[in-house]
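Participant: The structure's right below; bear with me while I get my questions together.
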Amino acid sequence: MLDNTAAESMTIKLDDTLPEPPEFIPGIRRAPDRGFTLNPRETELALRNALRYVPESLHVALAPEFMDELRTRGRIYGYRFRPPGRIYGRPVESYRGRCLEGKAFQVMIDNNLDFEVALYPYELVTYGETGQVCQNWMQYALIRRHLEALDREHTLVVESGHPLGLFRSPPGAPRVISTNGLLVGMFDNQDEWHRAMQLGVSNYGQMTAGGWMYIGPQGIVHGTFNTILNAGRQRLGLGDGEDMAGHLFLSSGLGGMSGAQAKAVEIAGGVGIIAEVDESRIHTRHEQGWVSEVTSDLGSAFRLARKAMAERKPLSIAYAGNVVDLLEYAVAENIPVELLSDQTSCHAPYDGGYCPQGLTFEQRTRMLADDRDGFAEQVDRSLRRHFELIRTLVDRGTYFFDYGNSFMKAVFDAGEKAVCRNGRDTHDGFIFPSYVEDIMGPVLFDYGYGPFRWVCLSGRSEDLEKTDRAAMACIDPDRRPQDRDNWAWIRDAGKNALVVGTQARILYQDAEGRVKIALEFNRLVREGEIGPVMLGRDHHDTGGTDSPFRETANIRDGSNITSDMAVQCFAGNAARGMSLVTLHNGGGVGIGKAVNGGFGLVLDGSERVDRIIKSAMSWDVMGGVARRAWARNPHAIEVGAAFNAAGGDHVTLPYRVNDDVIRRILDTAPRSEVPEGA
Ligand SMILES: NC(=O)c1ccc[n+]([C@@H]2O[C@H](COP(=O)([O-])OP(=O)(O)OC[C@H]3O[C@@H](n4cnc5c(N)ncnc54)[C@H](O)[C@@H]3O)[C@@H](O)[C@H]2O)c1
């Protein structure tokens, strides 16, 4: 396609030698066929799009291979370009590069693709069924080369995994700006995205998959622990200082994020039964010590649970089977279930995220390839039954919450309108709360507490221990109950053996805590106590994500359908010099349903980085708190007022509106003709 001049003008490109055919290690999970639905003209386009990454001399050999991948896998991964063997996040100094940031991002990308960490490593899927680092292995190889060439006077621009190029920028600018899956409004839906994905022009980055900031299931354990514990406090009357000892939590999924549930319930002191249909996921979690017992017998699952509850011992049990069967059993046997949730990948139920009742995991995979329509029907039927069982349990006293996996939206899409608050459509929300509405929103996000995280780029566990201790010393456990929980979390983090992949840590913190800890870490780097550190967060945070069914589910001024906050957060982080800034469509809830962004900040010990920490870390959180305050969320107003009082920054806070003033006006004003909820 390129004439010689254009090809020769490029100094960063793929080699013209054909890599060896790929080898797949048996037992490593493989992504299901994503469904090939392109017409002949589009198929031609997809082939041309993939081949434009490689020198023309290789096209004759590669074209049939790419065609085969497209037909059998629903997309072109370019398997041949995957470096053979294990990929993992190595110590930063073992990478080639012209600046620390360029090397640090290679660590992060490789960690996202580690066999131990990633869901479908050969298909570049890190977690959440479809969340990819980039679209294909040609992009991976090219991104690597660009990162090796990156210096402090350029920014690498990545569009849905495609490295667009290196562009001159000041030393204080981000070194990488990356976007994933963004679509123009009228095309912002699953069908158009499915086409764009097959054409090789769009990537589903989830949050930290395409944001290169995934740290294995640990990344989500702290949030899950907070959620389960606070659900217990709110619904089971646990007092301050009490844990979940003697209480039962039921859920599903031992995958990328859901895999945190078993560990979190044990750390919270309780008993959990988690259903999982994919035996390989159970095996991984069991081997990692993230789930304690495994059984495919429903009777023994509940017997084990009852015993541990009676002894008030923490225990996690993987039930190898379908969650709907688990609930059928609990209902039939009249077993009291205190807390209940679901973490199947319901943001993508028809792409394999939800295994219907009656199909084994293997049958689900075959049916996805052979009969997608039939599969969708089974998914719908199973979701409706699943919902019915939950309703029965809730009527008997269970507290069910949606775990941000779009479960209730999936039930609605399956044809069940009773899941809607207004019995008709989703405008007024759903009958069951989401964990953000009841727990994460008011207890954490409104204060600015969110999933702050770091990776010790040296790969040394001693560095992680030092950062754990330093972070603990920055927290005053008596400031708020949340601080006490966080302090206890970091105190026990090492003991809980949470690391899978790189030497990383998650620690929920508010703006003040994040700035304090970041400055302390940078000091330790400066003084040579530890090697460089990558700071980041999950996008699932106070200000990084607009998602009306999840992160912004407790924003009730009507602005939950807007995505200004996430875009401003991204732009503001770029303006303040974060090393990496990312903005994505979808995240954990699916295309068109959310906009989310994240960042990475490389601590190199410099004063330049101190300055970035003071402005950017604070902005990243307080932009979100300010928006939540403007939506009249009381805790956020409290935090916003304290922020103003501290000086230096200033946020706009809402005046209180007297109820009587509104009522008087509404009682006398002519009424709209439009019926409620229409
Ligand atoms: N943990 C969190 O804090 C959190 C937060 C927000 C959203 N989520 C959402 O939770 C979902 C799960 O995320 P993930 O990264 O673990 O995805 P994943 O795809 O890696 O894991 C989901 C697991 O559910 C299993 N599963 C599917 N159907 C099942 C069924 N009927 N019965 C039993 N097991 C079944 C799958 O085999 C899979 O292992 C996603 O939709 C994600 O967006 C999680």
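The values are calculated or read from the model by the stated rules, or taken from the named source; none is laboratory data. In this text, all values refer to a predicted model and were calculated from it rather than measured experimentally. Every residue, glycine among them, receives a Cβ derived from its backbone with ideal geometry; neighbour counts consider all protein chains shown. Side chains are part of the model used for accessible areas, which takes the heavy atoms of the whole protein and leaves out ligands, DNA and RNA. Shrake-Rupley method; radii C 1.70, N 1.55, O 1.52, S 1.80 Å.
Participant: Kirkwood Rh and Cα-based Rg: tell me the resulting Rg over Rh for the chain, rounded to two decimals. Please list the in-between numbers first.
Facilitator: Numbers: Rg = 24.6 Å, Rh = 25.7 Å.
Taking Rh as the inverse mean 1/r over Cα pairs, Rg/Rh reads 0.96.
Participant: Can you list the aspartates and glutamates whose alpha carbon sits under 12 Å from that of K409, skipping same-chain ones fewer than 8 residues off?
Facilitator: Output for K409: D380, D425.
Participant: If you don't mind, another one. GluC sites (Glu not before Pro) within segment 288-387: which are DSSP loop residues with at most 11 other Cβ atoms inside 10 Å?
Facilitator: Passing sites in segment 288-387 are E333.
Participant: Something else: How big is the charge dipole of segment 496-655 about its Cα centre, in debye rounded to the nearest 20, if each Lys and Arg gets +1 on its Cβ and each Asp and Glu gets -1 on its Cβ? The partial results should precede the final answer.
Facilitator: Working: 16 positive and 17 negative charges, 38 e Å.
Dipole of segment 496-655, to the nearest 20 debye: 180 debye.
Participant: Follow-up. Below 17 Å, Cα to Cα, which aspartates and glutamates can K263 reach? Residues fewer than 8 away in the same chain don't count.
Facilitator: Excluding near neighbours in sequence, the set is E116, D243, E276, E287, E293, D342, D485, D492.
Participant: About the Cα centre of the chain, what is the dipole size in debye to 20, counting +1 per Lys and Arg Cβ and -1 per Asp and Glu Cβ, all else neutral?
Facilitator: The calculated dipole for the chain is roughly 780 debye.
Participant: With each pseudo-label sitting 7 Å past Cα toward Cβ, what's the R491-R384 distance in nm, one decimal?
Facilitator: Roughly 5.2 nm, to one decimal.
Participant: Picking from A642, V337, N226, whose Cα lies most toward the positive end of the charge dipole for the chain (charges on Cβ: Lys, Arg +1; Asp, Glu -1)?
Facilitator: My answer, from the dipole projection, is A642.
Participant: Which FRET efficiency value, to the nearest 0.05, is calculated for S57 and E116 with the Förster distance at 60 angstrom and r the Cβ-Cβ distance?
Facilitator: 0.95
Participant: Any idea how far apart R671 and I28 come out in nm if each label point goes 7 Å out from Cα toward Cβ?
Facilitator: For R671 paired with I28, the spin-label model returns 6.4 nm.
Participant: May I ask you to compute the full-extension gain from R366 to D68, defined as 0.36 nm times their residue separation minus their alpha-carbon distance, rounded to one decimal in nm?
Facilitator: Gain in length upon complete extension: 105.5 nm.
Participant: May I ask you to list the residues of segment 127-157 whose amide nitrogen lies under 15 Å from a point 7 Å from Cα along the Cα→beta-carbon direction of R90?
Facilitator: Residues 144-145, 148 fall inside that zone.
Participant: Using the beta-carbon distance between R523 and V184 and R0 = 51 Å, what value does 1/(1 + (r/R0)^6) give for FRET efficiency, to the nearest 0.05?
Facilitator: According to the calculation, E is roughly 0.65.
Participant: Please compute the length gained on full extension between I431 and D557, using 0.36 nm multiplied by the number of residues separating them and subtracting their Cα-Cα distance. Can you show the working numbers first?
Facilitator: Values: separation 126, 0.36 × 126 = 45.36 nm, distance 1.92 nm.
Result: 43.4 nm gained on full extension.
Participant: Quick check on packing: order 90-100, 548-558, 196-206 by the mean number of other C-beta atoms within 10 Å, highest mean leading.
Facilitator: Details: 90-100: 17.0, 548-558: 21.3, 196-206: 25.2.
Output ranking for 90-100, 548-558, 196-206: 196-206, 548-558, 90-100.
Participant: Considering the options L580, S559, N486, tell which one lies farthest towards the positive end of the dipole of segment 428-581, charges being +1 on Lys and Arg and -1 on Asp and Glu at the Cβ, about the Cα centre.
Facilitator: Farthest towards the positive pole: L580.
Participant: Right, something else. Have a look at segment 587-673 and give its Rg and Dmax from the Cα atoms, expressed in angstrom.
Facilitator: 19.7, 64
Participant: Might you report the magnitude of the Cβ-based charge dipole of segment 323-379 about its Cα centre, with Lys and Arg at +1 and Asp and Glu at -1, to the nearest 20 debye?
Facilitator: Magnitude of the dipole: close to 140 debye.
Participant: Oh, and also: Mind checking which lysines have their Cα closer than 28 Å to the Cα of K614? Skip sequence neighbours fewer than 8 apart in that chain.
Facilitator: Qualifying lysines at Cα under 28 Å: K103, K466, K516.
Participant: Give, as ranges by residue number, the residues of segment 141-160 whose backbone N falls under 13 Å from the point 7 Å along Cα→Cβ of F167.
Facilitator: 154-159
Participant: Need one number: % antiparallel among DSSP beta bridges in the chain, to the nearest 5.
Facilitator: That works out to approximately 55 percent antiparallel.
Participant: Here is a further query. Spelling out what I want: for every residue of segment 232-239, take phi, set θ = phi - 60°, compute 6.51 cos²θ - 1.76 cosθ + 1.60 (Karplus), and round to whole Hz; glycine and proline get x.
Facilitator: Listing the rounded values in order: x, 5, 6, 9, 10, x, 5, x Hz.
Participant: What is the diffusion coefficient of segment 314-381 in µm²/s, taking the Kirkwood radius over Cα pairs and the Stokes-Einstein relation at 25 °C with a viscosity of 0.890 mPa s?
Facilitator: Once the numbers are plugged in, D ends up at 184 µm²/s.
Participant: Could I ask something else about it? Given a 1.4 Å probe, how much area per residue of the chain is accessible, in Å²?
Facilitator: 39
Participant: Step by step: find N for segment 79-179, compute 2.2 N^0.38 Å, then divide the Cα radius of gyration by it. What's the final number? Write out the running numbers ahead of the final one.
Facilitator: Working: Rg = 13.3 Å, N = 101, 2.2 N^0.38 = 12.7 Å.
With N residues counted in segment 79-179, Rg over 2.2 N^0.38 Å equals 1.04.
Participant: Charges on Cβ only, +1 for Lys and Arg, -1 for Asp and Glu, centred on the Cα centroid of the chain; of L182, S252, A518, which one is farthest towards the dipole's positive end?
Facilitator: Of the listed residues, the answer is A518.
Participant: Let me ask something else about it. Using a 1.4 Å probe on the protein chains only, how many percent of the accessible area of the chain belongs to carbon and sulfur?
Facilitator: 51
Participant: Which stretch or stretches of segment 532-558 have amide N atoms under 14 Å from the point lying 7 Å from N422's Cα along the Cα→Cβ direction?
Facilitator: Zone members listed by number: 558.
Participant: Once every DSSP H run of n ≥ 4 in the chain is given -39500 (n - 2.57) and the sum is divided by its residues, what mean residue ellipticity at 222 nm do you get, rounded to the nearest 500 deg cm²/dmol?
Facilitator: Working: 22 runs with 265 residues, N = 678.
Dividing the helical sum by the residues of the chain leaves -12000 deg cm²/dmol.
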